[in-house]
Amino acid sequence: MAAAIPYLWENDDALLQARSVVRDALRGGSGRSLATGFFHAGSNTVSYVVADTRSGACAVIDPVLDFDFPTGRTSTAFVDEILRFIDENRMTARWILETHVHADHLSAAPYLRSTLGCPLGIGSRIWEAQQAFQVVFNLPSEARPDPRQFDHLFEDGQEFAVGDLRGLVLHTPGHTPVCAAYVIGDAAFVGDTLFMPDYGTARADFPGGDARQLYRSIRRILSLPLETRIFVCHDYKAQGREEYCWISNVESQRSKNIHVQDGVSEDAFVALRTARDSQLTVPQLFFPSVQVNIHGGSLPAPEANGLQYLRIPLNWL
């Protein structure tokens, strides 16, 4: 292996603060977050409930709305499991957090927001995805997305709280411009940047994606303390592995990630990622998911006949 590439943070104030959040939690200052994953088999997505065990406050990250494409039917069966878990454990939801505009599932955020009564947050660069896709879908003026469809737009380095737990947002563009990781206590919820070490990293060929940015964002995440727990948004079971997994840590990612372990240069990663992305197909729910999720997960308004419709641009890709 080539010499390890240094992970530098001295000139990154947000990253310095994120390291402080993790170290404070590891010392017991703000407590260790309790993270429970809920695996959605239809999209290979993991939604999380992150809780402060002292106060019972929690946040829900990347909730999934069931959607059957052939019939056009939606269901809240999956996210209702999350609601039951919160209720049975007497938790109080403080946040619903989206790591990015997902391209493989519809968000259940509006349903959760109306049920739990807590705000919906996403990275402040959401406008970039909205701007790109409102043109693609040729949305009428009354249906165009607006950043205000989210309750809170997190800036890079912005702190928030889940009960007594400290949280901090790191912008991690590359998979999409909107991507953000949530560092809560000693855990980082990284969305679609890293997968499990034996599976690698997320694609970077969506509109606004950039493999170089993705590499630098991953280096940022992997500059957190080695003990930082990493919670990924998807798992597809790497070849030879029989079970789905979604928890690793910075140390294992730096030593074992097949795409971006220590010693892999930026140019080498970009070449690998670009070649791999050229062989990937478009996610089955790409158009429905993006169209809904740029609106904060809100489904289109009913038309004159009372039905709701999604748009699919022909011959665009």
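The values are calculated or read from the model by the stated rules, or taken from the named source; none is laboratory data. Bear in mind the structure is a predicted one, so any value in this text is a computation, not a measurement. Ideal geometry is used to build each Cβ from the backbone, glycine not excepted, and the neighbour counts take in all protein chains shown. Ligands, DNA and RNA are stripped out before the accessible areas are found, and what is left, the full protein with its side chains, is counted by its heavy atoms. Shrake-Rupley method; radii C 1.70, N 1.55, O 1.52, S 1.80 Å.
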Subject >> Helical contribution to [θ] at 222 nm, DSSP H n ≥ 4, -39,500 (n - 2.57), averaged over the chain, rounded to 500 >> reply: -8000 deg cm²/dmol
Original post:
If r is the Cβ-Cβ distance from W316 to A275 and R0 is 25 Å, what FRET efficiency results, to the nearest 0.05?
Top reply: 0.60
Original post:
For segment 100-257, what mean projected area does the convex hull of the alpha carbons give, in nm²?
Top reply: 10.5
Subject >> Accessible area (Å², per residue) of segment 64-166, counting only protein heavy atoms and a probe of 1.4 Å >> reply: 48
Subject >> Cα-projected label distance for S252 with D68, points at 7 Å along beta-carbon direction, nm >> reply: 3.6
Original post:
What full-extension length gain, to one decimal in nm, is calculated for T53 and V282 as 0.36 nm per residue of separation minus the Cα-Cα distance?
Top reply: 78.4 nm
Original post:
Modelled label-to-label distance, V135 and E159, 7 Å Cα→beta-carbon offset: nm?
Top reply: 3.9
**OP:** With a cut-off of at most 14 other beta carbons within 10 Å, and DSSP calling the residue loop, which GluC sites (Glu not before Pro) in segment 216-317 qualify? Please list them.
**Re:** E227, E242, E243, E303
Original post:
Rounded to the nearest 0.05, what FRET efficiency do A41 and L16 have when you use their Cβ-Cβ distance and R0 = 35 Å?
Top reply: 0.35
**OP:** Please report how far the C-alpha centroid of segment 94-139 lies from that of segment 271-317, rounded to the nearest whole angstrom.
**Re:** 13
**OP:** Find, among the chymotrypsin sites (Phe, Trp or Tyr not before Pro) in segment 194-267, those assigned to loop by DSSP (not H, G, I, E, B) with at most 15 other beta-carbon atoms within 10 angstrom.
**Re:** Y236, Y244
Original post:
Regarding the chain, what is the average projected area of its C-alpha convex hull, in nm²?
Top reply: 16.7
